[in-house]
DNA sequence: ACCTGAACACCGTTCAAGT
DNA sequence: ACCTGAACACCGTTCAAGT
């Protein structure tokens, strides 16, 4: 049974889900595929290239056309789609963030964003900035989401708060706990709504 | 001349600036400090701990009190401060994003955000969400900024646009070029202004 | 065309032993 | 207290050689 490029990619995403971004090893992937490590280099020039292909595969479908409707709902849909794709694999956000992707799917993503924002009436020379800003938010948020998953119950609740004002420090800890305890999807939606409100405001001028 | 913990940290940031995040090696850092690799483990339990300390050091000063003034200017100042700190070292954003920091400076950063947003009149239970959203944007944006630095002239301009509509694809490429060509600081300010407009809008209701 | 086997130049981490 | 020396169990990548 010969290996196709796509089998390697699928196997790599399985290893990613099992062992995380730092756990992916050419040797481990090779073993997972029942092959010697050196053999992988026939399919991918190096690990970096493999990572880029993985990142692109994660973005598959994010560039699909969006349903007709109000522009702000469309933009929201795009943002949610991107988040869902990044969440679909362990450390997906960090993987995509770490690779400067120019592959097929990434270009497709750029295309839909462009179409939607242009149809929304945003000036051509601003469309890129809006898309870049919003996707930066999605990427940053999702990285934090996936990072927080394996971290201590509440960031900062380790008791080593060095603040002199005990009452105030308690408030901060309460804030941090509230953030950590909240549904990540709700937090995401909140930030998204702020951004969309800002966008609407800027368009009404 | 004995090594102090802080010397190791400083040396590590120098290696970071020289060789990037992937280039940092316990052995290389040891050589840079004129020491054997094993010796570093007296100062830091492991590489991850070292990285966390580096991330925290990068955030030094970001938690300083902010000058009195309109709340939106204060919030903007905090966002810009964070961006500047992340930009101050090669791959700074990715370093901070990859470490779940609970150290001194990080807590201090949380403290100022809390103070400023609270004073702005944002409800206590919303303060964390706002701070989290905004810092997600800053983190995501800065990661992309630092990533784009070493990448091809214009993402997507590789000529392999698979779209059927040539004219539309040209528009997308123009958009991408416009984003890549623009001053990163301007792009950052734009997204920040959108977020702040949205925040103002939400507070007026 | 696709992969093995074996090698090369590295890694992070541990730990007895030195000073 | 702070570091060396040497080892252990790994890495990514290359490349002749096999099928």
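Quick notes
- Figure legend. Inter-residue proximity from segment B:18-30: first residues more than 14 Å from every other protein chain (Cβ to nearest Cβ), second residues more than 8 Å from DNA strand C (Cβ to nearest atom) and in a loop (DSSP other than H, G, I, E, B), beta-carbon distance below 9 Å, spacing 6+ or different chains. Indicated pairs: B:18/B:90; B:19/B:90; B:29/B:35.
- Segment A:103-126: number of residues that are closer than 22 Å to residue A:85 by Cα and touching a helix residue (DSSP H, G or I) at 6+ places or on another chain (Cβ under 7 Å): 11
- Residues of segment A:18-73 satisfying the condition of being away from DNA strand C (no atom under 16 Å from the Cβ) and assigned to a helix (DSSP H, G or I): A:18, A:48, A:51, A:52, A:54, A:55, A:56, A:57, A:58, A:71, A:72, A:73
- Flag for residue B:113 being within 8 Å of chain A (Cβ to nearest Cβ), assigned to a helix (DSSP H, G or I), closer than 18 Å to residue A:171 by Cβ and modelled with pLDDT of 85 or more: no
- Residue count for segment B:116-130, restricted to those that are under 26 Å from residue A:129 (Cβ atoms) and facing chain A (nearest Cβ under 8 Å): 2
- Verdict on residue B:86 being within 16 Å of DNA strand D (Cβ to nearest atom), under 19 Å from residue B:142 (Cα atoms), within 14 Å of chain A (Cβ to nearest Cβ) and surrounded by 14 or more Cβ atoms within 10 Å (Cβ to Cβ): no
- Applying the criterion of being within 10 Å of chain B (Cβ to nearest Cβ) and not in a helix (DSSP H, G or I) to the residues of segment A:89-110, the residue that is nearest to residue A:16 (Cα to Cα) is A:91.
The values are calculated or read from the model by the stated rules, or taken from the named source; none is laboratory data. Bear in mind that the values here come from a model prediction, so they are computed numbers and not experimental data. Glycine gets a Cβ as well: all are built from the backbone with ideal geometry, and neighbour counts include every protein chain shown.
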